[in-house]
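Data first, discussion second: the structure below is written as structure tokens.
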Amino acid sequence: MVKSASRAIDILETLAADPQGLSHANLADRLAIPRSSLTGLLDVLVARNFVEWDPATRHYFVGFAALRLGQSYLGRLDLVQCARPLLAQLSEEIGEACALTVRRKNMILVVAKIDDPNPYRPSLSLQLGHSGPLYASASGKAMLATEGGSAIAAYLTALDTMPTDPERKLDAQALRQDLETVMDTGFGWSRGEMFENIVAVGVAIRGSSEEVIAGISVSLPQERNTPELLMKIKLALKICAQSLSVKMGAEV
């Protein structure tokens, strides 16, 4: 299975390097793959639209499904590039750490972050590339809440059988109430679920089809958690989220 996966990638990379396409014999010679094995791999790739077959020239070409994968990657790069200056502005305005996250199944993944602008205070947010469960994350709750009641109910039901992080607190009833509040206000909260004594506020980011594509969160220690600062953070977060959503093609 591993060899087949490696060979499939070799086929795609070889075809991508030759826009004129290649015949079955050319591919077999270049990749040193037995022709019978190559036929089976090409049949699968053609069926899944990762490779196209031109009967007139009897050549194979990269298919449109491969383009979709590339567009997905470029879309993520665009998201991060657009978010970075807005995150920097947000952090400078409120004086706290902030992060951009994307959803990966039932986890959030940090794809960009700005540390606390005060160099004498420790970083309070997840590090770049780190992940955490949706149920413990402010931005994760904000993203989850946009899916509506039925999706939330399914997620809460799945939590009963889903492996949970022993270091992240989980209170299903409190989570249900949190998500109902997020649906009304648009702000997700983490009150010590991700990090002890750390409060975080999060909002969802929408893309060109109005789908949720990411979340932004601000983290601060409980000792700085004042009503005045939280009001300032919520206003700045809302403006930041609207600006990034517009940059990503959403109508706000």
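Numerical summary
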quantity	calculated
Single unsatisfied condition, R103 versus (1) free of Cβ contacts under 8 Å to residues at least 40 places away in the same chain; (2) assigned to a strand (DSSP E or B)	(1)
Failed condition for D184, given (1) touching a Cys at 6+ places or on another chain (Cβ under 7 Å); (2) assigned to a helix (DSSP H, G or I)	(1)
Check on R84, under 27 Å from the mean Cα position of the chain (by Cα), assigned by TED's automatic domain parsing to the domain that holds N118 and not hydrophobic (A, V, I, L, M, F, W, C)	yes
Only one of I216, I198 that is of a type outside the set (D, E), surrounded by 20 or more Cβ atoms within 10 Å (Cβ to Cβ) and under 15 Å from C98 (Cα atoms)	I216
Selection from the range 100-126 of residues that are of a type in the set (D, E, K, R) and either farther than 19 Å from L229 by Cα or modelled with pLDDT under 85 (or both)	R103, R104, K105, K113, D116, R121
Sole exception among (1) more than 26 Å from the chain's Cα centre (by Cα); (2) on the phi < 0 side of the Ramachandran plot for A32, by number	(2)
Helices (runs of 4 or more DSSP H) completely within the range 14-99 that count 1 or more residues being at pLDDT below 90	64-94
Subset of the range 201-213 that is buried (at least 24 other Cβ atoms within 10 Å of the Cβ) and out of contact with any Lys or Arg (no Cβ under 9 Å at 6 or more places or on another chain) - its residue that is nearest to L179 (Cα to Cα)	A204
Of residues in the range 235-247 being touching a helix residue (DSSP H, G or I) at 6+ places or on another chain (Cβ under 9 Å) and touching a residue at least 40 places away in the same chain (Cβ under 8 Å), the one nearest to I198 (Cα to Cα)	L237
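The values are calculated or read from the model by the stated rules, or taken from the named source; none is laboratory data. The shown structure was predicted, so the numbers you read here are calculated from the model rather than taken from an experiment. Note that we place each Cβ from the backbone using ideal geometry, even for glycine, and neighbour counts take in every protein chain shown.
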